[in-house]
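The values are calculated or read from the model by the stated rules, or taken from the named source; none is laboratory data. What you see is a predicted model; the values in this text were computed from it and never measured. Neighbour counts are summed over all protein chains in view; Cβ atoms, including those assigned to glycine, are modelled from backbone coordinates with ideal geometry.
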Amino acid sequence: MPPPVLELAELTVRYGRFTALDRVSASFDGGALALLGPNGAGKSSMLRSILGLVRPASGVVRLFGEDTEKKGALMRRRVGYMPERDSWVPGVSAVRGLAHLAEICGLLPSDAMLRAHDTLHFVGLGEERYREVSSFSTGMRQRYKLAAALVHDPDLLFLDEPTNGLDPRGRVRMLGLIDRVRKEHGKHLIIASHLLPDVEMLCDSVWVLDEGVMKKSETIANLTAAARGGQRVRLPRDDSARFAEAARADGLEALPGEGADEWVLIDESAAIPPDRVFRLARACGTRVLGLKAAARSLEDAFLEALEGDAD
Amino acid sequence: MSQASTPVRPAVRAMSAFAFRRRLSGLGALPNLAVAAIPTLVAVVAVIFSTDDPFGLYGDYIVPLCIYFVIPFMSMFTMLPILGELYEQGAMAYVVTRPVPRWAPLLGLFQGSFLAMLPTLVLSALLPGLILAFSGEGIATGLWLKRVGGLVAVLTVGGFSYGAVCLFLGVWSRRSILWALGLLIGWGAVIGGLPGDLRTTSPHRYLMGLADSWCKVNSRWSGMFTPEPDPPGVLASLTVLGLGSLAFFALAWLACRRRDIL
Amino acid sequence: MAFRAAEYEAFEGERSRMPVWWPVLTSTLRRGWGSKWVRRITFLSMASALGITVMIYFLYQVVPNWREMLVEMGNMVLPENQEDARIDAHTYLGLLRFFVFPILLPLSLVFGYDLISADLRANAFESYFSRSITPAAYILGRTLAYVGFMLLVTLMPMLWIWAYDVLTGPDEHFAEVASVPLGMTAAMFITSLALALMIQAVTAITKSGIWTNLTFVAIFIFTAPVGGILFELSGENANFFALSILHCIHVFTATCLGVSDDLDDQYADPNLTAGVLFLIIFLSLLVLLQRLRKRSLVG
Amino acid sequence: MSAPPVIHCRGLSRWYGEVQGISGLDLDIHPGIVGLLGPNGSGKTTLMRLLTGLIKPSRGYAEVFGQRVRPDQHSIFARMGYSPGDDIHFETERAVDFLALLASLGGDSADEAVRRADQVLDQVGLLDRRTTKINAMSKGMRQRVKVAQALLFDPELLLLDEPLNGMDPISRRSTLDLVRDYSARGRTVVLASHVLHEVEAVTSQVVMLHHGRLLAEGRLDEIRELVDRKPRRVVISGDDLRSFAAKLLAEDLVTGLTFTEEGRLALDTRSLPPLLDRLAALGESGQLHGLDIEDEKLEAVFDLLVGETA
């Protein structure tokens, strides 16, 4: 059996007196993993200590079964990192900088240049590859960072907030790219993100961190298991409030959903049949614009995991 | 227009307190202290090695050293980084979107930085004075006080006017260090210290004029620069330095309205 | 419509055995050359070297025996005990003052500052150190690039002048300047190394382009007059001149050229100046390694 | 709409060298929450900076509260709060000192300033972290401090540039609540963002920028009508959809019809309301389990608009 892709044993990270990670132990066998947690939970600290950007106060990190403290530099050839902050090689063109980063990972200059071109094409920056990264927009910089993480063909990718600051188009595109890298090329992914829909789409399991402690290690399917037979309903904005009133009058619980025009209907005693929703809508003179069984969103589950512990 | 509705004084005071805190808390004071330590180092060496009378040494070496180098470097160290950081990183956006005229926070910055610079300026004059005064004997305390006090006064005036120059440069230019180097060291110290007609244009001449009147010194130090043969009087010096500072404040005022904050 | 998206491909090729600092070196050189001011300064330095050779050429055209005339004129002007005014290793030492020093400071400022502040702004350290590179390899690559650039603008023009001088001069002239290439190379190498490490160490401490420049300027410019003052105060103890980096470079170069015996009592002890340069190298290395061990360069 | 607009721009343009920031923007913004939307690099931040006088227009002008925005027109800043997209940078300051400094710049005495600072810290839920230094704060906390400083002096106009960027879901929800409460008091909030469903959650009034130009402006559903030229797609799931599909075709309500891999039915239509009514009838009979209209979310609307002009 191959060793786990990533193994943390009692990993502790401190900045001065502040403890960012407190004796975290976990292991990741491959696939796609999401790191969730509020700001300051220790997600970035975990990524940075695995990559050797921060020296852990104690504990062991093993990548592909090798201790990073001993063989870190060599192991990092098999790892690609997309940092949260913008990061690039200044003063040279995007493709030149990327080739340079590939050379550092041990590619021959000719191979490196070839791959730099290919990777930039892959992320959709082919037209812009001779420009300097400093002139890139946020979306282009994100794609450049992904290219930089991929250029030396690593086996494991660390992505820190990959869709942060992207417009919808850019976001969909980035998610698609990441998904392809994983599904078609068998890369392992570890993604730290706030955007739960992204996580839901890309990952199969999550580690929930809070204040430097591992709160939960769970598969996404388990986290979002359908709850209590509720219905998620969307209506025209102007009728939305009226509909909620009517639903409450009918003995249902109406919780606000994602947008202002969405409600989650819950009946404490039984599952709600779809036709009841349609009838309710007709009764208050409006149309149903969307309807689906209300699985708990990852966000709810995530909040629950955090708050349940705080109580 | 209800521009007078917002009191300017709290703004100046708060910004001044911020600049003061920034320069004197933590490691912020270190660069200025390092500059202030250099005249002291010279004094220590003088006490150990020199047989000349300490009172004369103070006038001949410490005074010109302070005027030629301590003032410009300290002004640069105090004014340029804080302005550079505020402008370059866009932090100025938080300051100038407040309902006060833009000159008010800048005046506050200048005031706070200048106040923070004063103790180190005083130190750089006082410490060597103390060391030299206690090493020799025979000179009345009153004379010492007068000479050290005179230097402190010259440094204060110099720090004020050079601070004004740095304020303008910091507001006006991204490459303020290069400009400051050219203006303060090149035009001030070097041109003001070399013989020739050009030196009469240098602001340093007026600082040396003040030193001549207040500390009763004229540099004997032959290492680099020649003494001013005909130093201007107190009134002329103060007038020129004061008007110069005012001119640079005005320039800074113009520049702060002109410069985009990105 | 035929459509083929750009596709990601796995890398099957061989990983090279090239040392990791090599790409850092080449990339730094490339970036340095990309800076407009670095090119200008380099051009200025090369142009002045060329100017000097052209001047020698015209001297030959106008007064073919100018070397002898120089010695004769020197004998008339200079006091009796002074040596002949001929072109020898001393001349090259003199070139340092008018030719190298005015270039060294701006180059260190512009080259170092542009690289460093760009790296800080681009957050490049995160890109570097998440890859298979060790801090030591990074410093090595970086430092060699700095040194290479400084040698390019100081040593190369010197050697160019030297070569022209030797080629045009009489045969016996070679003996007078034979020590120049080796001595100059050694001196300039150590000097560049010290400056390169110092500016990186200052950056590692200040983590700010502005403060790095201010500190560097203060060290360069402020120390010169202080050295002079202390020299006078201490009853002409020339060792105080060793406070000034420029002075140290001068004396150290003289030592390397083998003419340090001729330096009078206006110069610091050669061993001391060499010590100062090596101390700078040592301390800067210490600071850099300590900072990188704490990984704090990454911010 | 008789009241004068809070923000009024005519021909507002700004170039950075040869790079275009904003060009020829005519815009009026009235009280309420306005979502300022646009892809990266569309000129949202440039517009914010122009409205706060941080940069000067290359051409045209902007007026806020009926007064021309100029660097020295500081009296309008008394009624305006601005949270820049950039980071704070007052790294060594404690949160309360930073806010008190800015309060003093608005004319508060020292004691008043601290009191006011505490008040806004309370509003963003950071009162217990008042003595934390900025450089010890996480990204989300810094974002909240930025929002807090914009709230000083309870301004009539709030300009928030990407305030939600980098916040965790909890802070994001509370910040949006804060914005909603704020506008409920008749204030104006301009909220620049590209996390679109969050903008959608607090307002239906949007301004869309693209390539430095005004792409669309107005109520979301008004904008939506602009894209109605494009056929809509409704995806349904339920029992016995095949026979239902056959009926629909006969009724000429759909232009296209696809069964998806998951066994759902995708209907393309140019007449959405009748189709929805038809589907509602089916739903009441209990045959329909799920219903979803694609291109209905703001993100999709935006995609369509951009797609049409780009």
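Things worth noting here:
- Segment D:59-99, residues that are of a type in the set (Gly, Ala, Ser), crowded, with 17+ Cβ neighbours inside 10 Å, more than 9 Å from every other protein chain (Cβ to nearest Cβ) and more than 23 Å from the chain's Cα centre (by Cα): D:Gly60, D:Ala95
- Residue under evaluation D:Ala201, criteria (1) modelled with pLDDT under 85; (2) out of contact with any Gly (no Cβ under 7 Å at 6 or more places or on another chain), criterion not met: (2)
- Annotation for segment B:192-208: at least one member residue is surrounded by 23 or more Cβ atoms within 10 Å (Cβ to Cβ) and at pLDDT 85 or above.
- Of all residues in segment B:118-141 being under 21 Å from the mean Cα position of the chain (by Cα) and β-branched (Val, Ile, Thr), the one that is nearest to B:Phe73 (Cα to Cα): B:Thr120
- Selection within segment B:33-79 - of a type in the set (Phe, Trp, Tyr) and under 16 Å from B:Tyr162 (Cβ atoms): B:Tyr68, B:Phe69, B:Phe73, B:Phe77
- Within segment C:96-105, the set of residues being crowded, with 21+ Cβ neighbours inside 10 Å and more than 20 Å from B:Leu178 (Cβ to Cβ) comprises C:Leu96, C:Val100.
- Only one of C:Phe174, C:Phe216, C:Phe220 that is of a type in the set (Phe, Trp, Tyr), touching a residue at least 12 places away in the same chain (Cβ under 8 Å) and either in contact with a Cys (Cβ under 8 Å, 6 or more places away or on another chain) or surrounded by fewer than 20 Cβ atoms within 10 Å (Cβ to Cβ) (or both): C:Phe220
- For B:Thr51: the one exception among (1) surrounded by fewer than 24 Cβ atoms within 10 Å (Cβ to Cβ); (2) in a helix (DSSP H, G or I): (2)
- Conditions (1) at pLDDT 85 or above; (2) on the phi > 0 side of the Ramachandran plot; number of the one not met by A:Gly52: (1)
- Annotation: of all residues in segment B:86-95 being facing chain D (nearest Cβ under 7 Å) and part of a helix (DSSP H, G or I), the one that is nearest to the chain's Cα centre (by Cα) is B:Val95.
- Failed item in (1) outside any helix (DSSP H, G or I); (2) surrounded by fewer than 23 Cβ atoms within 10 Å (Cβ to Cβ), with D:Leu158 passing the rest: (2)
- Test: D:Glu262 is modelled with pLDDT under 80, surrounded by 18 or more Cβ atoms within 10 Å (Cβ to Cβ) and acidic (Asp, Glu): no
- Strands (runs of 3 or more DSSP E) (entirely within segment D:2-105) containing at least 3 residues that are free of Cβ contacts under 8 Å to residues at least 24 places away in the same chain: none
- Some residue of segment A:75-83 being at the interface with another protein chain (Cβ under 7 Å from one of its Cβ atoms), under 27 Å from the mean Cα position of the chain (by Cα) and not in a helix (DSSP H, G or I): yes
- Some residue of segment C:139-153 being under 25 Å from the mean Cα position of the chain (by Cα), in a helix (DSSP H, G or I), of a type in the set (Lys, Arg) and farther than 20 Å from C:Ser48 by Cβ: yes
- Single condition D:Lys56 does not satisfy, out of (1) surrounded by fewer than 21 Cβ atoms within 10 Å (Cβ to Cβ); (2) within 27 Å of the chain's Cα centre (by Cα); (3) more than 11 Å from chain B (Cβ to nearest Cβ): (3)
- Answer from C:Ile249, C:Ile229 - the residue that is buried (at least 19 other Cβ atoms within 10 Å of the Cβ) and touching a residue at least 40 places away in the same chain (Cβ under 8 Å): C:Ile249
- In segment C:178-222, the residue that is nearest to B:Ile177 (Cα to Cα) out of those that are over 21 Å from the mean Cα position of the chain (by Cα) and part of a helix (DSSP H, G or I) is C:Ile210.
- If you go through segment A:123-165 and keep only what is away from chain C (no Cβ under 12 Å), more than 26 Å from A:Leu51 (Cα to Cα) and in contact (Cβ under 8 Å) with a residue 24 or more places away in the chain, you end up with A:Glu128, A:Tyr130, A:Arg131.
- Residues in segment D:170-224 that are of a type in the set (Gly, Ala, Ser), touching a residue at least 12 places away in the same chain (Cβ under 8 Å) and in a helix (DSSP H, G or I): D:Ser171, D:Ser174, D:Ser183, D:Ala201.
- Residue within segment A:62-71 that is in the same structural domain as A:Thr163 (by TED's automatic domain parsing), hydroxyl-bearing (Ser, Thr, Tyr) and either surrounded by fewer than 20 Cβ atoms within 10 Å (Cβ to Cβ) or within 24 Å of C:Thr28 (Cβ to Cβ) (or both) present: no
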